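Report on one structure; see the data block that follows.
The values are calculated or read from the model by the stated rules, or taken from the named source; none is laboratory data. Values in this document were obtained by computation on a predicted structure and should not be read as measured data. All Cβ positions, even for glycine, are placed from backbone atoms using ideal geometry, and neighbour counts span all protein chains on display. Note: areas computed on protein heavy atoms with side chains; ligands, DNA, RNA excluded. Shrake-Rupley method; radii C 1.70, N 1.55, O 1.52, S 1.80 Å.
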Amino acid sequence: MFHNTTNNHHAVTISDDETDELGRMRVRARRKRKKLGNRRLIRKLLVKYWMLLVIIPAAFLLFYEATRIGLRPSASKNIATASGNQDDDRSSPTLVQGMHVKSNLNRLDPTTHVVAGIRERCLKLLPPEKLEQLEIPVEEESSLPIREVLYVSGNDLSFEGENATLSQLRAEDTRFNLFTGNQTFEERDRSFEVKETTSAHCGFYSVDGGFRISDEDKSFMQGCKVVVSTCAFGGGDDLYQPIGMSEASLTKVCYVAFWDEITLKAQELVGRRVGDNGFVGKWRVVIVQDLPFSDQRLNGKIPKMLTHRLFPQAKYSIWVDSKSQFRRDPLGVLEALLWRTNTILAISEHGARSSVYEEAKAVVKKNKAKPEEVEVQLNQYKKDGLPGDKRFDGKKALCEASVIARKLTPLSNLLMCVWFNEVVRFTSRDQLSFPYVLWRLKAFKDINTFPVCTRKDLINSMGHIRKARPLQK
């Protein structure tokens, strides 16, 4: 028998179709690997440059908004004013650096805040019908520890060169002058003593000291029992007409604005003239001649702090900084801030800081006073023992003081005198000296330091719109 020794072979036949399929599989595999690689690369790029993806669109959006705002029509119509008298209101748009802007002018809407989940008005005024019936309280027998303040005056002012004139003193930038008197440190310490009859420097030291007012204006001021006052010296701010008052207040309250001749001329140039009766709208404009200080901020402290010297017959006063528009009924404000709380002084708290030492750092940082002047003031206060407390007797120590309401009593008058002397002696930043004065005058307890929320309800702030110019026709 023959054996078949031939090896067994299996033939594998590969068709053309199968060859194509393998090629496609390899292509798909390569594509998949490429996609995975691209995804990893994109992921890496996103992780590395994600911030650019946020910043670039934001920058384009900001540029677009800025361009759109710049192309808006410049004229804007303000809210209708409370009075139809053109002289009484400032209803035209205000021009600031070549642009018309819409402001808070003539807004009467209340400012509110949330208390225990309930939205309440910050300043709780009486209803309108009760405001019309408000009367100035009858003077009662005072139980305050000070009954009389004697104001230091005379002609014994001692400077280097006894024959120095007021203009020479100004040129040398001397803070103490013929208006203030030369208060010594010993006299300064005595002025804080609480006695039934006490004495203090309180401006108007000499008849040659400046701040001269006409007899006609003095006569008008003598007749004021309640006064709302402001001032603008050296051109200063515009005069914003008060709004929101009751008919009763119009007959019982004086509105007085103190200007110097520079401000008078600046306002006349833009068409705002004092009438023959001495008024611009509701404000009686009192022109002051011969201002005693070269620093206009210091001149502004005279009507702000020495109201009792300017209005000797007044019982109550409200001070409003010139950059603001007073927008509430003054008798209603006195009722809410003084009469209802049984206090003799109401002053607005500082919104940003609480300590005099914190405020000093901010004043220097913002270049609002010379660092060496602030240092001298703080060193003296530290030497006198002023604590860095943020609250005195449960009240915030630092005040903003753009709105001050007070009953003109011997005690509140003394507080204002010694406060004025501090801004003359040191810096004109009155926020720095008020906590010290309040701390030194320990008998002064009847004070209402109201929050920023209340201040915003009292005034329309115009701080961002200064020295308005007439519109071009």
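Numbers for the structure displayed
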{"quantity": "Failed item in (1) of a type in the set (Gly, Ala, Ser); (2) at pLDDT 95 or above; (3) over 19 Å from the mean Cα position of the chain (by Cα), with Ala346 passing the rest", "calculated": "(3)"}
{"quantity": "Residue identified as under 18 Å from the mean Cα position of the chain (by Cα), more than 27 Å from Val149 (Cβ to Cβ) and of a type outside the set (Val, Ile, Thr) among Lys370, Lys365", "calculated": "Lys365"}
{"quantity": "Whichever residue in segment 322-340 is open to solvent by 20 Å² or more (accessible area, probe 1.4 Å) and at pLDDT 95 or above and, among such residues, is farthest from Pro387 (Cα to Cα)", "calculated": "Glu335"}
{"quantity": "Arg309 being touching a helix residue (DSSP H, G or I) at 6+ places or on another chain (Cβ under 7 Å) and surrounded by 15 or more Cβ atoms within 10 Å (Cβ to Cβ)", "calculated": "no"}
{"quantity": "Residues being farther than 17 Å from Asp393 by Cα, touching a strand residue (DSSP E or B) at 6+ places or on another chain (Cβ under 7 Å) and not aliphatic (A, V, I, L, M) - total across segment 405-449", "calculated": "8"}
{"quantity": "Verdict on Arg272 being under 26 Å from Gly181 (Cβ atoms) and open to solvent by 10 Å² or more (accessible area, probe 1.4 Å)", "calculated": "no"}
{"quantity": "Only one of Asp189, Asp173, Asp238, Asp215 that is modelled with pLDDT of 80 or more, under 30 Å from the mean Cα position of the chain (by Cα) and of a type in the set (Asp, Glu)", "calculated": "Asp238"}
{"quantity": "Pairs where the first residue, in segment 145-162, is farther than 17 Å from Arg188 by Cα and open to solvent by 80 Å² or more (accessible area, probe 1.4 Å) and the second is of a type outside the set (D, E, K, R) and modelled with pLDDT of 50 or more, C-beta under 8 Å, 6+ apart", "calculated": "Arg147/Thr197; Arg147/Pro410; Glu148/Thr197; Glu148/Thr198; Glu148/Pro410; Asn155/Ser206"}
{"quantity": "Residues (assigned to a helix (DSSP H, G or I) and open to solvent by less than 10 Å² (accessible area, probe 1.4 Å)) located in segment 186-242", "calculated": "Arg188, Met221"}
{"quantity": "Number of the exception - Thr251 against (1) closer than 29 Å to Val149 by Cβ; (2) without any contact (Cβ under 8 Å) to a residue 40 or more places away in the chain; (3) open to solvent by 60 Å² or more (accessible area, probe 1.4 Å)", "calculated": "(1)"}
